[in-house]
Every structure is written in C-alpha cells, then in structure tokens.
Amino acid sequence: MKVFINICWYLSIIIIIVFNISFEGYRIFDYIFKDYTTKEMVIKDYSYDSTARRKSITIEGVVDKERVYFSKFDEDVDKLFNLYPVIFSNNKKTFVIKVLKFKHSHKVILVDDNELIKWERNMFISGLYILISIVIIFINRLIVKK
C-alpha cells in the first residue's frame, strides 16, 4: 500500500510539472521576467459550446496585429456574459477589451475580472505543492538511509 501511495504521489508531481510546462510554460517564463503588458484586444470572433455538463467559450481577437484568444468555462462564462453583455448581442460592432498580453504566448488574460490573481494563486499553490513534496521526499530518503 505504501508503494502505491508513493507512486501516486510521484506521478502527481510529474503531472503537475508537465502540465504547467506544456500549457503555461511561456506565460510562466514571461511572468517571471515581467515580460507582459496590458493591451487592448479587438474582438474578432467567439465560439460558445454548451452541454449538459459543461459550458465553454473561446474569444478570439487581435492585439497589435497578433491573433490572440482566451477561454472561459462553466460559471466563468456567466461572469463574462455579465461583464460584457454587448459583445454577445446581435449588433456586430468592433469591441475592444483590456487584456494582459504575454510576450511569447497567444493566450491572454482578461484584466477586468482579476483573472491574473487567480492564475498567480494557482501557480503558487502548484509550485508550493511541488516544493514541499520534493523536500519531504528528500528528508524521507535521508531518514531511510540512516
């Protein structure tokens, strides 16, 4: 049983590291080196999908001639509709919203709903979990050798 728990624990660490590097690597790199700015995104298109279990929306646009996007899921979709109801109306005008643009990523973060704070918290929690896990594993290895 102890071996199974250790394997699950090691796998969780590896999965978190691989997930963060795969999906957030460029944004983490730019965040560490303060390589991001607040820009205006011109909305070009959006795609909305709703099933019995999940709602999702991806909004595509342009920031400084570069195509960018962001996605929202479940309750965040409703918050987005409430925050920008005019975007989703039948009136096809050009809409501009403030986003946080990372230098090396096409995925932006919406400024008006404090998404950066949520993202920072998630990165901090996953980093703390990895760090504490590595320290515990290291200490455990030292104790077992003695």
Here the residues within the stretch 1-47 that are part of a strand (DSSP E or B) and either β-branched (Val, Ile, Thr) or touching a Ser or Thr at 6+ places or on another chain (Cβ under 8 Å) (or both) are 37, 38, 42, 43, 46, 47
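Residue-by-condition table, conditions (1) crowded, with 17+ Cβ neighbours inside 10 Å; (2) out of contact with any strand residue (DSSP E or B) (no Cβ under 7 Å at 6 or more places or on another chain); (3) within 24 Å of residue 117 (Cβ to Cβ); (4) free of Cβ contacts under 8 Å to residues at least 60 places away in the same chain:
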| site | (1), (2), (3), (4) |
| --- | --- |
| 5 | no, yes, no, yes |
| 14 | no, yes, no, yes |
| 17 | no, yes, yes, no |
| 41 | yes, no, yes, no |
| 65 | no, yes, no, yes |
| 73 | no, no, yes, yes |
| 97 | yes, no, yes, yes |
Condition first: under 30 Å from residue 131 (Cβ atoms), among the β-branched types (Val, Ile, Thr), out of contact with any Gly (no Cβ under 7 Å at 6 or more places or on another chain) and in contact (Cβ under 8 Å) with a residue 40 or more places away in the chain. Can you find one or more residues in the stretch 27-35 that meet it? yes
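Table: residues versus (1) closer than 17 Å to residue 111 by Cβ; (2) hydroxyl-bearing (Ser, Thr, Tyr); (3) more than 19 Å from the chain's Cα centre (by Cα).
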| position | (1), (2), (3) |
| --- | --- |
| 27 | yes, no, no |
| 32 | no, no, no |
| 39 | yes, no, no |
| 51 | no, yes, yes |
| 79 | yes, no, no |
Those residues of the stretch 103-146 which are in a helix (DSSP H, G or I), basic (Lys, Arg) and within 16 Å of residue 20 (Cα to Cα) amount to 118, 121
Looking across the stretch 99-116 at residues that are surrounded by fewer than 13 Cβ atoms within 10 Å (Cβ to Cβ) and at pLDDT below 90, the single one that is farthest from residue 39 (Cα to Cα) is 114
Considering residues that are in contact with an Asp or Glu (Cβ under 9 Å, 6 or more places away or on another chain) and among the β-branched types (Val, Ile, Thr), the number found within the stretch 52-105 is 8
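The values are calculated or read from the model by the stated rules, or taken from the named source; none is laboratory data. Computed from a predicted structure; not experimentally measured. Note: ideal-geometry Cβ built from the backbone for every residue, glycine included; neighbour counts use all protein chains shown.
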